[in-house]
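The values are calculated or read from the model by the stated rules, or taken from the named source; none is laboratory data. What you see is a predicted model; the values in this text were computed from it and never measured. Here the Cβ positions follow ideal geometry from the backbone for every residue, glycine too, while neighbour counts run over all protein chains shown. Keep in mind that these areas ignore ligands, DNA and RNA; they rest on the heavy atoms of the full protein, side chains included. Shrake-Rupley method; radii C 1.70, N 1.55, O 1.52, S 1.80 Å.
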Amino acid sequence: MPASTDLLVLGIDAARPELIETWSADGTLPVLGTLRGEGCYGGTHGIDGFFIGSTWPSLCTGVSPARHGIHYMVQLQPDAYRLHRPADADWLRHRPFWHALAAAGRRIAILDVPLNRLDPGLDAEQVVEWGAHDAVFGFDAWPPALRHHITTRYGAHPVGTSCDGVRHDADDHARFIDRLIEGIEAKAGLTRELLAAGDRDFVMQVFTEAHCAGHQLWHLHDATHPAHDVRIVAHTGDPLRRVYQAIDRAIGSILETAGARRVVVLGAHGMGHWYGAQFLLPRILFALGAAQPPADAERRGQAVHGLARALWRRLPRRTRSALAPLRARALGERPPGALPGLGVDLASSRCFVVPNGLAVGGIRLNLAGREPAGLLEPARADVFCSELSEALLEIVDERTGRRAIREVVRTAERFQGEHLDLLPDLLVHWDDTTPTGSTAVAGGTASRVRLRSPRIGTIEGANTYGRTGEHRRDGFFIAAGAGIPTGPVAGPVSLLDFAPTLAAMLDVPLPGVDGRVRPELAGER
């Protein structure tokens with residue numbers, strides 16, 4: 001008798017919900033189209049302001065970042081003015097829901113779920129970061145025999161440890177797309193092997209290749225993007241369509257093996273064009289007097305580095321390769337992997353920028369009594385935040401004539417939890433109306449942004465970050481199988497609801513979470 005799986009969850013990381021819907025309906029994605037016809041489907045509502053580094057941790061724990069403590073892969077170290085990688089320390093401060101499944105005796109396998117650490121104490125087969133987009137832990141698997149099998153049979157993921165890169169011509173892009181598809185097929189093969197090896201109650205596996213394709217290839221998918229190149233697309237086809245089709249085929253092959261009673265396909269967040277001007281936010285705070293630039297010596301050093309980088313980009317690629325070691329020594333660059341500083345004079349700054357991704361900026365108050373040398377008195381914090389928010393919302397993007405910043409949010413007004421102080425205090429939501437290009441793509445087309453307001457004057461700069469796709473908060477889900485209702489589910493389902501809902505589908509309670517069980521998704525239990 002073939003092996004069976006009670007509940008199979010398959011993720012398509014950072015897929016565009018509108019594309020999934022359209023291509024499922026028109027036959028481009030026939031497997032997903034069939035599942036939609038046989039089950040229920042709808043949208044997901046992500047973690048507002050923290051829909052990059054916090055998406056998967058929030059989905060898997062069922063609690064907000066104010067409780068699990070993760071908002072990005074690089075964060076401010078508590079009680080210090082230093083950045084650190086939470087993955088090097090405690091990581092999540094709340095356990096993923098599958099720990100409750102294992103404790104209840106359910107047989108489970110967790111495969112390539114993003115931003116999920118290996119736990120040898122968990123009674124489950126586990127694969128971590130074989131082809132992950134955000135690789136913070138490195139590839140590993142449990143038990144050790146599984147790691148050995150993956151290493152010897154499949155080797156490294158065809159794309160490698162990072163999909164970020166500069167691609168210059170049609171052949172470069174075609175090779176990248178082919179490697180993504182090879183990775184999808186290999187991941188599907190591994191999943192089929194594990195599913196065929198024995199019965200399981202719960203299996204979760206995520207295709208992160210869609211994430212890579214969205215970041216790196218959005219300009220080739222979107223014909224309205226300023227960096228769209230019809231000559232490359234004539235050679236490669238629509239890269240997102242090809243990658244999504246490969247995932248659709250892979251899901252079909254997995255379902256043939258799984259014998260799954262119930263299946264959930266999930267896209268936790270979405271993707272669209274890269275937008276905003278996060279790279280200008282520090283200069284905006286300086287212009288507003290909310291923060292002060294570093295001391296003169298450090299500022300002069302930054303200017304020299306900036307000029308050197310500009311000249312460097314003008315050199316031929318072969319010349320850059322030959323001179324790279326000399327350049328690193330001359331600029332005193334940080335060792336590979338070293339984290340930057342905060343880039344402000346902390347003795348005279350009432351706030352400073354902290355990493356939070358590039359779609360939503362993070363601002364930390366230099367709060368007296370909380371920060372090591374806090375300057376802003378807590379009694380003045382509300383007034384300061386109101387005045388700063390008002391000034392930020394006055395800024396106009398000269399490309400559109402619209403506000404450059406859509407919304408400024410006080411984090412404490414949206415989130416509550418024991419680790420709220422690990423998060424930025426203010427969230428700066430950039431307007432996403434217009435794509436922002438990159439100096440690394442299509443000769444820098446649309447990479448310059450010019451902002452103005454009465455308070456900041458004019459601030460202009462070019463985006464050097466090489467991605468053309470950026471996250472959107474919301475995603476999608478499709479669920480089908482025994483006991484699952486059919487038809488659309490009204491309103492988006494919060495990401496925090498999936499952990500208790502998936503646990504409930506296996507008759508395991510999940511107390512102490514922020515989400516709730518959604519019977520319209522799980523069926524009557």
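Identify the single condition in (1) among the hydrophobic types (A, V, I, L, M, F, W, C); (2) surrounded by 20 or more Cβ atoms within 10 Å (Cβ to Cβ); (3) within 21 Å of Asn356 (Cβ to Cβ) that Val441 does not satisfy, given that it satisfies every other one.
Checking Val441 against (1) among the hydrophobic types (A, V, I, L, M, F, W, C); (2) surrounded by 20 or more Cβ atoms within 10 Å (Cβ to Cβ); (3) within 21 Å of Asn356 (Cβ to Cβ), the one that fails is (3).
Within segment 1-21, how many residues turn out to be open to solvent by less than 20 Å² (accessible area, probe 1.4 Å) and of a type in the set (D, E, K, R)?
Counting residues in segment 1-21 that are open to solvent by less than 20 Å² (accessible area, probe 1.4 Å) and of a type in the set (D, E, K, R) gives 1.
Which of the strands (runs of 3 or more DSSP E) contained wholly in segment 410-495 include at least 3 residues that are aliphatic (A, V, I, L, M), at pLDDT 95 or above and over 17 Å from Pro226 (Cβ atoms)?
426-430, 475-481
Being touching a Phe, Trp or Tyr at 6+ places or on another chain (Cβ under 7 Å), open to solvent by less than 40 Å² (accessible area, probe 1.4 Å) and not in a helix (DSSP H, G or I) is the filter here, so list the residues in segment 125-167 that pass it.
If the condition is that a residue be touching a Phe, Trp or Tyr at 6+ places or on another chain (Cβ under 7 Å), open to solvent by less than 40 Å² (accessible area, probe 1.4 Å) and not in a helix (DSSP H, G or I), then Gln126, Val128, Glu129, Trp130, His157 are the ones that fit.
Could you list, in sequence order, all residues of segment 354-406 that are open to solvent by less than 20 Å² (accessible area, probe 1.4 Å), of a type in the set (Val, Ile, Thr) and touching a residue at least 40 places away in the same chain (Cβ under 8 Å)?
Val354, Val360, Ile363, Ile395
Among (1) open to solvent by 10 Å² or more (accessible area, probe 1.4 Å); (2) in contact (Cβ under 8 Å) with a residue 12 or more places away in the chain, which single condition is Asp172 missing?
Among (1) open to solvent by 10 Å² or more (accessible area, probe 1.4 Å); (2) in contact (Cβ under 8 Å) with a residue 12 or more places away in the chain, Asp172 violates only (2).
Taking interchain pairs and intrachain pairs at least six residues apart, which have beta carbon atoms under 9 angstrom, with the first residue in segment 97-111 and touching a residue at least 60 places away in the same chain (Cβ under 8 Å) and the second in a strand (DSSP E or B) and among the aromatic types (Phe, Trp, Tyr)?
Matching pairs, first to second residue: Trp98/Phe202; Leu101/Phe202; Arg106/Phe202; Arg107/Phe202; Ile108/Phe202; Ala109/Phe202; Ile110/Phe202.
Looking at this structure, is Gly198 in a helix (DSSP H, G or I) and small (Gly, Ala, Ser)? Even if it seems obvious, please write down each step before you answer.
Values: in a helix (DSSP H, G or I): no; small (Gly, Ala, Ser): yes.
Answer is no for this residue.
What number of residues within segment 22-51 satisfy the criterion of being in contact with a strand residue (DSSP E or B) (Cβ under 7 Å, 6 or more places away or on another chain) and either part of a strand (DSSP E or B) or crowded, with 16+ Cβ neighbours inside 10 Å (or both)? First the steps, then the outcome.
Restricting attention to segment 22-51, the residues satisfying the condition of being in contact with a strand residue (DSSP E or B) (Cβ under 7 Å, 6 or more places away or on another chain) are 32, 35-36, 38-46, 49, 51.
Filter once more, keeping what is either part of a strand (DSSP E or B) or crowded, with 16+ Cβ neighbours inside 10 Å (or both): 32, 35-36, 39-46, 49, 51.
Selection size over segment 22-51: 13.
Considering segment 225-260 alone, what residues qualify as being at pLDDT below 95 and either closer than 30 Å to Gly49 by Cβ or of a type outside the set (A, V, I, L, M, F, W, C) (or both)?
Result: Glu256, Thr257, Gly259.
Do we find that Phe352 is aromatic (Phe, Trp, Tyr) and not in a strand (DSSP E or B) in this structure?
no
Residues of segment 239-256 being surrounded by fewer than 18 Cβ atoms within 10 Å (Cβ to Cβ) and either within 29 Å of Thr501 (Cα to Cα) or not basic (Lys, Arg) (or both), which ones?
Hits for segment 239-256 are Arg249, Gly252, Ser253, Glu256.
What number of residues within segment 451-490 satisfy the criterion of being among the charged types (D, E, K, R) and open to solvent by less than 20 Å² (accessible area, probe 1.4 Å)?
Let us first name the residues in segment 451-490 that are among the charged types (D, E, K, R), namely 452, 455, 460, 467, 470, 472-474.
Cutting the leftovers down to open to solvent by less than 20 Å² (accessible area, probe 1.4 Å) gives us 470.
Qualifying residue count, segment 451-490: 1.
Confirm whether Trp91 is hydrophobic (A, V, I, L, M, F, W, C), touching a Phe, Trp or Tyr at 6+ places or on another chain (Cβ under 6 Å) and either on the phi < 0 side of the Ramachandran plot or in a loop (DSSP other than H, G, I, E, B) (or both).
Values: hydrophobic (A, V, I, L, M, F, W, C): yes; touching a Phe, Trp or Tyr at 6+ places or on another chain (Cβ under 6 Å): no; either on the phi < 0 side of the Ramachandran plot or in a loop (DSSP other than H, G, I, E, B) (or both): yes.
So Trp91 does not fit the description; no.
Suppose we filter segment 483-508 for residues that are over 19 Å from Ser54 (Cβ atoms) and touching a Pro at 6+ places or on another chain (Cβ under 8 Å); how many remain?
Count: 1.
Whether any residue in segment 203-211 is open to solvent by 10 Å² or more (accessible area, probe 1.4 Å), closer than 30 Å to Asp123 by Cα, of a type in the set (A, V, I, L, M) and modelled with pLDDT of 95 or more is what I want to check. Can you show your working first?
Taking segment 203-211 as the starting set, the residues that turn out to be open to solvent by 10 Å² or more (accessible area, probe 1.4 Å) are none.
Looking through segment 203-211, none of the residues is open to solvent by 10 Å² or more (accessible area, probe 1.4 Å), closer than 30 Å to Asp123 by Cα, of a type in the set (A, V, I, L, M) and modelled with pLDDT of 95 or more.
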